[in-house]
1. What do you reckon, is residue 177 open to solvent by 10 Å² or more (accessible area, probe 1.4 Å), under 30 Å from residue 74 (Cβ atoms) and in a helix (DSSP H, G or I)?
2. Evaluate segment 138-161: report whether one residue or more is among the hydrophobic types (A, V, I, L, M, F, W, C), open to solvent by 70 Å² or more (accessible area, probe 1.4 Å), within 22 Å of residue 208 (Cα to Cα) and assigned to a helix (DSSP H, G or I).
3. What are the residues in segment 110-121 that are of a type outside the set (Asp, Glu) and at pLDDT below 95, if any?
4. Does residue 51 meet the test of being over 26 Å from residue 134 (Cβ atoms), among the small types (Gly, Ala, Ser) and surrounded by 15 or more Cβ atoms within 10 Å (Cβ to Cβ)?
5. Of a type in the set (A, V, I, L, M), open to solvent by less than 10 Å² (accessible area, probe 1.4 Å) and either more than 18 Å from the chain's Cα centre (by Cα) or within 26 Å of residue 237 (Cβ to Cβ) (or both), is that true of residue 110?
6. Restricting segment 29-86 to residues that are among the aliphatic types (A, V, I, L, M) and assigned to a loop (DSSP other than H, G, I, E, B), which is farthest from the chain's Cα centre (by Cα)?
7. For segment 211-237, give me each residue that is open to solvent by 30 Å² or more (accessible area, probe 1.4 Å), outside any helix (DSSP H, G or I) and without any contact (Cβ under 8 Å) to a residue 60 or more places away in the chain.
Amino acid sequence: METYYAGSYWLARQESIEACAQRLESFLRGMSPLEPTWSRWYEAAATFQKARKQQLSPDASTLAKLLGKKSNRFGDDSSFWLWAGETSEETSGVNGHCGSSSARVSSVCLLNPLSQGEVAERVLKAHVLTGVVRAMALAWEPEFGIATSHEHRNLIVAEQFPKLGTYVGWVMYFADSRGPVPPLPAPVQVEHIPDRGTLITLTPEKFTVSNPAHVALAEDVQARLQDAGLLTPLRPWGT
């Protein structure tokens, strides 16, 4: 059984708590139309029952208080951990950190959706995960974004901690600063987001490593993007 995630990443962009809160608000609001359970977010707690009592209003002022907590601050970095779901067996988690000036550790926003169940059946679809990565691109302005399975990432990347931005997945995002996206074979879908970057969705079907055609398509796209110079490690913001 494959498990899937979506993530967006960038380096060395120092921002205030308030700016990060506005970005987080924009991201959560962009997620809301994609899945009913993503309209209600909760803070983490020791048990599911306690966490259900900590619903969070997704507005910038409330989120700024969350990001500003001492437990969520490390230097100039603000972190967050949120979850959504109606049962303890079917929850989605959003976590990340923002605001850091570090050129060594990337800032990130991650979504870990389900691998099975009714919610997973709804969200593990090309149009939903493309919507997730689009929401990340619009809100966070990352350099690189991806939605794919852990199994596919492990299949194509030998390193335990692969360099972000150097591998492909089911859905990808590349900031305009990385350069133009080359022509890609069918059924790959390409969408340019004005003043942001380009979304690439490999297949409208559920991408899986058990499908040889999907793996072969990913290898083809990997080679084309590599030749175009798009698959490079993250660079500090603005360079």
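1. Numbers: open to solvent by 10 Å² or more (accessible area, probe 1.4 Å): yes; under 30 Å from residue 74 (Cβ atoms): yes; in a helix (DSSP H, G or I): yes.
When the stated conditions are applied, residue 177 passes them.
2. Taking segment 138-161 and keeping what is among the hydrophobic types (A, V, I, L, M, F, W, C), we get 138-140, 144, 146-147, 155-158, 161.
Then drop every residue that is not open to solvent by 70 Å² or more (accessible area, probe 1.4 Å), which leaves 138, 155, 158, 161.
Applying the additional criterion that residues be within 22 Å of residue 208 (Cα to Cα) yields 155, 158, 161.
Imposing the further condition that a residue be assigned to a helix (DSSP H, G or I) reduces the set to 155.
Yes, the conditions are met somewhere in segment 138-161.
3. Pass one, segment 110-121, residues of a type outside the set (Asp, Glu): 110-117, 119-120.
Selection gives 112, 113, 114, 115, 116, 117, 119, 120.
4. Numbers: over 26 Å from residue 134 (Cβ atoms): yes; among the small types (Gly, Ala, Ser): yes; surrounded by 15 or more Cβ atoms within 10 Å (Cβ to Cβ): yes.
Answer is yes for this residue.
5. No.
6. Of segment 29-86, the ones among the aliphatic types (A, V, I, L, M) are 31, 34, 44-46, 51, 56, 60, 63-64, 66-67, 82, 84.
Within this subset, residues satisfying the condition of being assigned to a loop (DSSP other than H, G, I, E, B) are 44-46.
Numbers: 44: 19, 45: 23, 46: 25 Å.
Restricting to residues being among the aliphatic types (A, V, I, L, M) and assigned to a loop (DSSP other than H, G, I, E, B), the top hit is 46.
7. 211, 228, 229, listed by residue number.
The values are calculated or read from the model by the stated rules, or taken from the named source; none is laboratory data. These figures come from a predicted structure and were not determined experimentally. Cβ: placed from backbone, ideal geometry, glycine included. Neighbour counts: every protein chain shown. The protein model used for the area step is the full one, side chains on, heavy atoms only, and it has no ligands, DNA or RNA in it. Shrake-Rupley method; radii C 1.70, N 1.55, O 1.52, S 1.80 Å.
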